[in-house]
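Contents: one structure, followed by commentary.
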Amino acid sequence: MSNLESKLEVVLFWKGEPMSLKKLGEILSAQAGLKVSEGEIKDAIFNLKNNLEGRGIVLLENGGEITLGTAPEFGKLIENLQKEELNKDLSKASLETLSIILYKNGISRAEIDYIRGVNSSFILRALSVRGLIEKNPDPKDSRRFLYRPSFDLMSFMGVKSVEELPDWAEVHDSINSTVQTMEDISAREAENNEENGSAN
């Protein structure tokens with residue numbers, strides 16, 4: 001397995017969501033410190049897909065985006081695991097993630113990860129399976145998704161809107177402040193990368 005192919009697999013696993021070739025190119029180029037062409041990415045995707053043949057994890061492609069998923073033949077196993085998950089109480093990490101989504105009411109996975117300090121992809125998947133959250137495209141950036149509380153969750157909690165949650169304004173403002181800090185850091189990093197690229 002080539003170095004680029006390995007990095008591609010790591011990025012797809014870490015992100016846990018469909019990604020376009022353009023976005024993958026941006027991430028891999030930034031990590032490699034040099035431009036990774038679309039052709040190189042396509043070759044890495046082709047090789048990774050072949051190397052995963054006969055494994056429990058497969059490479060899924062749809063509408064110009066790719067992601068990692070489970071092999072269809074293990075559908076029954078996944079179904080049983082999902083049923084088992086639904087019968088469990090929510091973990092502390094799940095409740096923490098759910099609270100962030102409730103009080104922000106429209107937040108990306110990257111922002112959730114930044115606030116929590118850890119990868120939240122598996123927790124988000126579990127919350128989605130339970131029907132507690134919804135995942136929709138970001139109207140401001142079609143390359144990413146926003147997580148919101150589901151209507152079922154709102155109904156279960158007995159609130160008509162998130163503004164009825166305890167200390168909503170205070171917690172909402174605190175989360176917004178943290179997200180703004182993340183965006184400021186990302187903007188500075190992008191600016192530095194652009195300056196370094198121009199210098200080279």
Discussion item. Cut-off under 30 Å on the C-alpha distance; same-chain residues fewer than 8 positions from Lys15 excluded. Which lysines are left, in chain and number order?
Written reply: Lys7, Lys23, Lys35, Lys42, Lys49, Lys76, Lys83, Lys88, Lys92, Lys104, Lys135, Lys140
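Per 0.36 nm of contour for each residue apart, how much would the distance between Ile57 and Phe151 grow if the chain were fully extended, relative to their Cα-Cα spacing?
Working: separation 94, 0.36 × 94 = 33.84 nm, distance 3.20 nm.
Once the chain is fully extended between Ile57 and Phe151, it gains 30.6 nm.
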Discussion item. Going by Cα centres, the stretch 118-152 and the stretch 43-100 are how many Å apart?
Written reply: 15
Discussion item. With equal scatterers on the alpha carbons only and no solvent term, can you work out the Debye log10 of I(q)/I(0) for the stretch 3-73 at 0.27 1/Å?
Written reply: -1.39
Worksheet entry | 222 nm mean residue ellipticity, helices alone, for the chain (DSSP H n ≥ 4; -39,500 (n - 2.57); rounded to 500) | -19000 deg cm²/dmol
Worksheet item: So what's the net charge close to Ile112: Lys and Arg +1, Asp and Glu -1, counting the other residues with Cβ under 10 Å from its Cβ?
Response: 0
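May I ask for the Kirkwood hydrodynamic radius of the stretch 89-194, worked out over all distinct Cα pairs and given in angstroms to one decimal? Write out the running numbers ahead of the final one.
On the way: mean 1/r = 0.0687 Å⁻¹.
Over the stretch 89-194, the inverse of the mean reciprocal pair distance is 14.5 Å.
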Discussion item. Test of understanding: given the chain, find the longest segment containing no trypsin sites (Lys or Arg not before Pro) that are in a DSSP loop and have at most 13 other Cβ atoms within 10 Å.
Written reply: 89-139
Worksheet entry | Under 12 Å, Cβ to Cβ, from Gly16 - net charge with Lys/Arg +1 and Asp/Glu -1 | +2
Discussion item. Within the stretch 128-149, list the residues whose amide N lies under 15 Å from a label point set 7 Å along Cα→Cβ of Ala93.
Written reply: 128
Discussion item. Can you tally the net charge around Glu61? Count Lys and Arg as +1, Asp and Glu as -1, for every other residue whose Cβ sits under 13 Å from the Cβ of Glu61.
Written reply: +1
Worksheet item: For the stretch 3-73, what's the relative contact order in percent, using C-alpha pairs closer than 8 Å and at least 6 residues apart?
Response: 36
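Based on the alpha-carbon set only, what is the convex hull volume of the chain divided per residue, in Å³?
140
Read-outs throughout are calculated quantities, based only on the coordinates presented, and are distinct from any laboratory measurement. Note that this is a predicted model, so its numbers are computed, not measured. Methodologically, a virtual Cβ is constructed for each residue, glycine included, from the backbone with ideal geometry; neighbour enumeration extends over all protein chains shown.
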